[in-house]
Number of protein chains: 2
Amino acid sequence: MLPMIRMDDVTENVSIDAWARVFARSPGQRNAPHESDAELIELPGSPDTYLAITIDTVAEEIRSGLYRDPYTMGWVAAMASLSDLAAVGADAMGLVVSVAVPPACDDTFIGGVARGMEEACRTLGVFVLGGDSNATPEISLTGCAVGTVPRLKVMTRLGLEPGDAVYLTGRAGAGNALGLARLTGLPDELFPEERYRPEARIAAGLLLRGRASACMDTSDGVLTTLDQLMRLNGRGFEIDCDWTRVLADDVVELAARTETPHWMMAAGPHGEFELIFGVHAAQASGLLADLEAEGVEPIRLGTVQERPALELVASTGRRTEIDMAPLRNLLDVAAHDPERYLREFRATGRASGLE
Amino acid sequence: MLPMIRMDDVTENVSIDAWARVFARSPGQRNAPHESDAELIELPGSPDTYLAITIDTVAEEIRSGLYRDPYTMGWVAAMASLSDLAAVGADAMGLVVSVAVPPACDDTFIGGVARGMEEACRTLGVFVLGGDSNATPEISLTGCAVGTVPRLKVMTRLGLEPGDAVYLTGRAGAGNALGLARLTGLPDELFPEERYRPEARIAAGLLLRGRASACMDTSDGVLTTLDQLMRLNGRGFEIDCDWTRVLADDVVELAARTETPHWMMAAGPHGEFELIFGVHAAQASGLLADLEAEGVEPIRLGTVQERPALELVASTGRRTEIDMAPLRNLLDVAAHDPERYLREFRATGRASGLE
């Protein structure tokens, strides 16, 4: 008998479900909890359109010291919710922001946060539409992005079918590289924070909608994203585990310098804003050509399989089935002790089949 | 020569302007900063409709101990952004929420927050559409509400004309009563927290849109709202200062028991979610009749006057011009010392002409 693959093996899913159980669902809502990166809501008076809306707060990454530059904080706070719009293929309108900073933050700091938000928006041709500000003991930055999606082209995390090709919109791992640099106290020059300027894939999302079989962003890392797609779809993946194809060059280089196994850059929880998508085999070549014409260079990750399991396939053909749940749940257990977290992450990953 | 009445006499306006200066304005945005309670954005493909969107974080009210019951926290977090939709006359769709709570918060606490949000939404027939959760040292609850407004019926804070009648949608002061109770350490039974369940005036907003000359909610208190409308419109108000008509019965009663002057309940910074609106004299009676048919009992506050000043008119006919800027700015100065704040608030109010 197959092992049961369940959503609630992951504590974060359990927590979201606990909240969602209290809330009645809008009759105009297209998606159930977990099913899409952004909420998809019928727009009164617009029978062909869904409103796409999503909210995301950046706080833990600031408090833990992962981001030190206010520009990074603002950039990520804006991009994170815009990336959720990308993953549902929305035409993005922009976002409203809620900024909570300690009274002691000076104008330079606040200006840095604001410029990070603004330049993230300009990069994507969208706008900060408004916001709220508060004085709080710790920094917390929330973005709520809105856009629209044609109902006929709706794209969610659901819809993977066996045989679908699975792609990533660009090379990943920068989020985990920055995380590793911080957790191990690396000197700044080994992985400067300004290398972490991940861009939401709005343009790619517009090409993917109506054509990808499912889509989700990599904000929680590549393997976590695949794991969540597996749990949601009840389908698994065969993944080509030559990580040097998947990870950005400077991430691979950092791994080499620090003797960190590559899989940790794919399995870590701090991602960026690439999209992972499936596409039915017959439609893949047309979609890839359109993406490439837009300057996107998709990376083949593998194939959807019937059985809900994550199978890594080495270049030797050796297959390893991995279990991401213990790694995903580790964040709750050991996040407040960086050394212990890193040690347990490595050990748990190995025990889960990663190498 | 008249004294200059400026937006930037109020430090909160200065702070909002500093943020807004960094952000390019969307070409599809109907309102400039400060001009409306919610942002009004052209909806692509819907030439007759604006999207209304707004974000509001509740954190300071929790940290300061103003709200102790998690249900109140959730209720207010939901209602605050829905009230901004009411003030632009939007058909509300619902809201997304971002909840940040300390890891130590137990299920009872979190369940209380969630129920407060949910029951606030049910009261208004709208929905929690989705959200984000984070672990942070202090509680912070953000709501981002969305809705739509017909472009031809747009309603903002701008448009007051001399002679317009000015109304409040319901009796106010509960927010400041709770604030007073907390600042003075009153026993709970004198003003129980569960009396503070202010409701956003969505239904009233739908009747006001296209008919009120301007509208703004009282979330920062009645006199602050009038002061802000004055600065924005460059018009003033003659206000009937029989506060017993304006304040709720239990607020008047609390003032009597605690020997607090009534004006403090109108001038304090912690409001509720009534709407203050202007209406051209010729249109007032029809609008009032429609509001009353909906169960809303508007209270006449006074009249718009040409000169940008807040004039309180006593029943004796005596006129007093008040200055709200020093009171509004006091929150920055003395908020962290409740006794000093209350003492200075009283003294500053008297010096500003309030009695």
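The values are calculated or read from the model by the stated rules, or taken from the named source; none is laboratory data. If you're wondering where the values come from, they're calculated on a predicted model, not measured in any experiment. A quick note on method: Cβ atoms are made from the backbone with ideal geometry, for glycine too, and the neighbour counts reach across all protein chains shown. Accessible surface is based on the protein model in full, side chains and every heavy atom, while ligands, DNA and RNA are left aside. Shrake-Rupley method; radii C 1.70, N 1.55, O 1.52, S 1.80 Å.
Beta carbons within 10 angstrom, averaged per residue: use that to sort the peptides A:246-257, A:78-89, highest first.
Details: A:246-257: 18.3, A:78-89: 30.7.
Order by mean packing, descending: A:78-89, A:246-257.
Over the Cα atoms of segment B:115-200, each weighted equally, I'd like the Debye log10 I(q)/I(0) at q = 0.14, 0.16, 0.20 Å⁻¹, rounded to two decimals. After summing over all Cα pairs, the log10 values are -0.89, -1.06, -1.20. Interface residues of segment B:78-113, defined as a loss of at least 20 Å² in heavy-atom accessible area between the chain alone and the complex of all protein chains with a 1.4 Å probe, are B:Met93, B:Val96, B:Ser98, B:Val99, B:Ile110.
Long hydrophobic helices in chain A: the complete DSSP H runs spanning 24 Å or more by Cα along their own axis with mean Kyte-Doolittle hydropathy of at least -1.0 are A:70-87, A:107-124. Placing a label point 7 Å from Cα along the Cα-to-Cβ axis, A:Pro338 is separated from the same position in the other copies by 3.9 nm, shortest listed first.
Enumerate the residues in segment A:225-244 having an amide nitrogen under 19 Å from the point lying 7 Å beyond the Cα of A:Thr316 toward its Cβ. A:239-244, by backbone N distance to the label point. The percentage of C-alpha pairs in segment B:179-221 whose separation is greater than 16 Å is 56%.
Per residue of chain B, what 222 nm ellipticity follows from adding -39500 (n - 2.57) for every DSSP H run with n ≥ 4, rounded to the nearest 500?
Numbers: 13 runs with 136 residues, N = 355.
Dividing the helical sum by the residues of chain B leaves -11500 deg cm²/dmol.
Using only Cα coordinates, the Kirkwood hydrodynamic radius of chain B works out to 20.7 Å. Measuring how big segment A:157-355 is from its alpha-carbon positions, Rg and Dmax come out at 16.3, 48 Å.
In the protein assembly as shown, the portion of solvent-accessible area held by carbon and sulfur atoms comes to 49 percent [1.4 Å probe, whole percent, DNA, RNA and ligands not counted]. For segment A:131-264, the share of alpha carbon pairs falling in successive 10 Å distance bins from zero is 10, 32, 32, 21, 5, 0 percent.
Computed with a 1.4 Å probe over protein heavy atoms only, the accessible surface of chain A comes to 38 Å² per residue. Residue of chain A with the smallest Cβ distance to the axis mapping A onto B, distance rounded to whole Å: A:Cys144, 2. Computed from label points 7 Å out along Cα-Cβ, the spacing between B:Glu306 and A:Arg257 is 7.2 nm.
Each other copy places its own label point for B:Arg195 at 6.1 nm from this one, sorted shortest first, where the point lies 7 Å along the Cα-to-beta carbon line. Across identical copies of the chain, B:Ala256 has label-point separations of 8.3 nm, listed in ascending order, with the point defined 7 angstrom from Cα along Cα→Cβ.
Computed from label points 7 Å out along Cα-Cβ, the spacing between A:Arg350 and B:Asp250 is 6.3 nm. Going 7 Å from the Cα of B:Cys105 in the Cα-to-Cβ direction, what parts of segment B:312-354 have a backbone nitrogen less than 19 Å from that spot? From segment B:312-354, the list is empty. Counting Cβ atoms of other protein chains within 10 Å of each Cβ in B:143-156 and taking the mean gives 3. Alpha-carbon geometry of segment A:24-152: the Rg and the Dmax are 15.7, 49 Å, given in that order.
Considering every residue in A:55-67, what mean count of other chain Cβ atoms within 10 Å of its Cβ is obtained? List each step's numbers first, then the result.
Details: counts 13, 5, 11, 2, 8, 4, 1, 1, 4, 0, 0, 0, 0.
Whole-number average of other-chain Cβ neighbours for A:55-67 is 4.
Shown here: segment A:58-125, whose C-alpha atoms stretch 39, 22, 17 Å along the first, second and third principal axes, sorted largest to smallest.
Of the residues A:Thr258, A:Gly286, A:Pro198, the one whose Cα sits farthest towards the positive end of the charge dipole of segment A:148-296 is A:Gly286 (charges of +1 on Lys and Arg Cβ, -1 on Asp and Glu Cβ, taken about the Cα centre).
Per residue of A:33-44, other chain Cβ atoms within 10 Å of the residue Cβ number 3 on average. All Cα-Cα separations within the protein assembly as shown were binned at 10 Å from zero, giving a P(r) of 3, 15, 25, 25, 16, 10, 6, 2, 0, 0, each value a whole percent of the pairs.
When A and B come together, around 4500 square angstrom of accessible surface is lost from both chains combined, probe 1.4 Å.
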